[in-house]
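The values are calculated or read from the model by the stated rules, or taken from the named source; none is laboratory data. As the structure is a prediction and not an experimental result, all values here were calculated from the model. Please note: Cβ atoms are built from the backbone with ideal geometry, for glycine as well, and neighbour counts cover all protein chains shown. SASA here: full protein model, heavy atoms, side chains in, ligands and nucleic acids out. Shrake-Rupley method; radii C 1.70, N 1.55, O 1.52, S 1.80 Å.
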Amino acid sequence: MVTQSQAPEVVRVGRVGKAVRVLVAVAGIGLLINGSVRASDDAWPFGPMSQYAMSVPDDAKIDYTRVSAVTDAGTTVDVPLNIEGAGVARAEIEARSGEIVKDPSLLQQVADGWARKHPDQPKYVKLELIRDTTQLVKGRVEGPPTSQVLATWEVRR
Amino acid sequence: MSIANWFTPTIALARIAWLRTILYLFVILDMHAFVRDTRDKGEHPGLYQPLLLARLFDLPKPSVANTTVLYVVLIVACLIGATNYFPRVAGWIVAPAFTWWVLIGMSDGKVDHDHLALVIALWVLPTVKADSRGITSYSDQTRSEAAGWAIRCIQICVIATYFLSAVAKLRSAGWALSWPGSAVLTWAIVRRPHPVGEWLLHYPWVLHVMQWVGIIGEFCSPVILWLKGRWQLFGALFFLGFHAANTAILLIHFLPTVVCWLAFAPLERIAPWFQARRSDRDTGEAEDQAEHGRQAEQQAGA
């Protein structure tokens, strides 16, 4: 055992230093509370912690958005919506699906991303933004999902 | 005054040194494993939608040039900061650079909520003046109020991540407590299907129990700031278990928050513990040698 020969030294901050630190901490807490009570994700890092915060009713329709592609090899595939796949995450596509419906050319970057990351694989020639809907009945999944095409984009070369 | 002192407890500088090394190295991991699409966004800024902070500071749109520079600067500054040589200079570079990095990563319609404590930690760490450099800083037992304030800020942000997510659950239901009895986990599993979660879909009541445990834990989380010793450890273990469950069911790990739980850990005791062990062993060896010596003398005398 090592015996402590003397009590460790204590370094204090000055009055001003302490006041500034306390004020900054209190202001930070204020920003966090403000963010959680009134703001949106836009206020990051002081926005609300809203991931998975919604109450989903027992009879909800659960939407799942995906992108389906027809390739130049004639196959139809599900586009891997992640950074390694098409370079775009599913959450980004879901968050922007309204804009994509209005302007399907936004899907072009999915094809570009895929072509850039996988130059030796079949290219996408046509993309479809598809919404799968799963129905809940009394909080349980009822049957397989139904699919709806939201937007179609013929890929530019 | 006592409230002011609560914000500035005296904590050994060694804890700051450990956190510097761990968090700056974690940032490098984060840039490759978690917020890893920032440079992709520089190449394809099509979906870029700047967040409030980026607009306030009029930050440029991500490009190949600025995201590459950001990447290199961050890696170099993190490596320097992690050594505890020039930790404040490096720290003041890492803080804004990583904030910008994450800001770009989240500027496309989706914002994650696991980076609050880490980002704030990076901003408060460089406010602490180091007494010693490099390897000796890990055993610096000098207690400092500046260190205590930085640690307290990180702790508050870790806890806020949980408490405020309970608040968000009330808010999204119009300030009502309908979340724990709702089908939110079922919804989440359907959208992120994988074996453990899909098996649980058959038992909605289990999911409801988990929702209740989660929200009650989140609401009670601030208590941990005032707990001490092993009770605080139990609190921390509860939330680490909570993350383990989330990872198993939803593949959501929250590691950038998890690593900041180390602000609660008495890391400053690592070096003395290690030294004590070593000196125990040294004393043991010294005694062995003395014993050998005595035996040799006896043999010589015999």
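So the values come out like this:
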{"item": "Length gained when the stretch B:Ser132-B:Leu251 is fully extended (0.36 nm per residue, less Cα-Cα span)", "result": "38.8 nm"}
{"item": "Acute angle (nearest 10 degrees) that the helix B:204-220 long axis makes with the longest principal axis of chain B, alpha-carbon atoms", "result": "60"}
{"item": "Tilt relative to chain A, helix A:108-117 - C-alpha long axis, 0 to 90 degrees, to 10", "result": "80"}
{"item": "Whole-percent carbon and sulfur share, accessible surface of region B:1-144, 1.4 Å", "result": "68"}
{"item": "Magnitude of the charge dipole, the protein assembly as shown, Cβ model with Lys/Arg +1 and Asp/Glu -1, debye to 20", "result": "1040"}
{"item": "Cβ charges +1 (Lys, Arg) and -1 (Asp, Glu), total dipole of chain A, debye", "result": "680"}
{"item": "Area of B:His44 that stays accessible when all protein chains are in place (1.4 Å probe, Å², to 10)", "result": "60"}
{"item": "Extreme residue, positive dipole direction of the protein assembly as shown, given options B:Gln275, A:Leu107, B:Leu177 (C-beta unit charges)", "result": "B:Leu177"}
{"item": "GNM flexibility winner over chain A from A:Ile29, A:Ile93, A:Ile62 (Cα, springs under 10 Å)", "result": "A:Ile29"}
{"item": "Accessible area in square angstrom per residue, chain B, 1.4 angstrom probe", "result": "46"}
{"item": "In Å², nearest 10: area of A:Met54 left accessible to a 1.4 Å probe", "result": "60"}
{"item": "Cα gyration tensor shape of region B:69-161, rounded if a/c is under 1.5, else prolate or oblate by comparing a/b with b/c", "result": "oblate"}
{"item": "Inter-label distance for A:Val125 and B:Leu201, nm, one decimal - labels placed 7 Å from Cα along Cα-to-Cβ", "result": "3.4"}
{"item": "Other protein chain Cβ atoms within 10 Å, averaged over every residue that makes up B:180-186", "result": "6"}
{"item": "Computed [θ] at 222 nm, helices only, for chain A once each DSSP H run of length n ≥ 4 contributes -39500 (n - 2.57)", "result": "-8500 deg cm²/dmol"}
{"item": "Cα shape, region A:13-54, gyration tensor, a/c 1.5 rule", "result": "prolate"}
{"item": "Chain A, accessible area per residue, ligands and nucleic acids excluded (1.4 Å, Å²)", "result": "55"}
{"item": "Between 0 and 90°, nearest 10: helix B:87-105 axis offset from chain B longest Cα axis", "result": "30"}
{"item": "Given charges at Cβ of Lys, Arg, Asp, Glu: the protein assembly as shown dipole, positive-most of A:Gly14, B:Pro9, B:Asn66", "result": "A:Gly14"}
{"item": "Choice from B:Arg269, B:Arg15, B:Arg277 with maximal GNM fluctuation in chain B (Cα, 10 Å cutoff)", "result": "B:Arg277"}
{"item": "Net charge of neighbours whose Cβ lies under 15 Å from the Cβ of B:Ser144, counting Lys and Arg as +1 and Asp and Glu as -1", "result": "+4"}
{"item": "Nonlocal amide H pairs with A:Ala151, under 5 Å, H built at 1.01 Å", "result": "A:Leu129"}
{"item": "Environment charge of A:Arg21, counting only residues whose C-beta is closer than 10 Å and scoring Lys/Arg +1, Asp/Glu -1", "result": "+1"}
{"item": "Candidates A:Val56, A:Val13, A:Val70, ranked by Gaussian network fluctuation over chain A, Cα under 10 Å, top entry", "result": "A:Val13"}
{"item": "Cα-centred dipole magnitude for region A:64-157, charges only on beta-carbon of K, R (+1) and D, E (-1), debye, nearest 20", "result": "80"}
{"item": "Accessible-area value, B:Glu43, 1.4 Å probe, nucleic acids and ligands omitted, Å²", "result": "90"}
{"item": "Accessible-area composition of region A:113-157, carbon plus sulfur, in percent [1.4 Å probe]", "result": "51"}
{"item": "Net charge, B:Cys260 excluded, C-beta distance under 15 Å - Lys, Arg +1, Asp, Glu -1", "result": "0"}
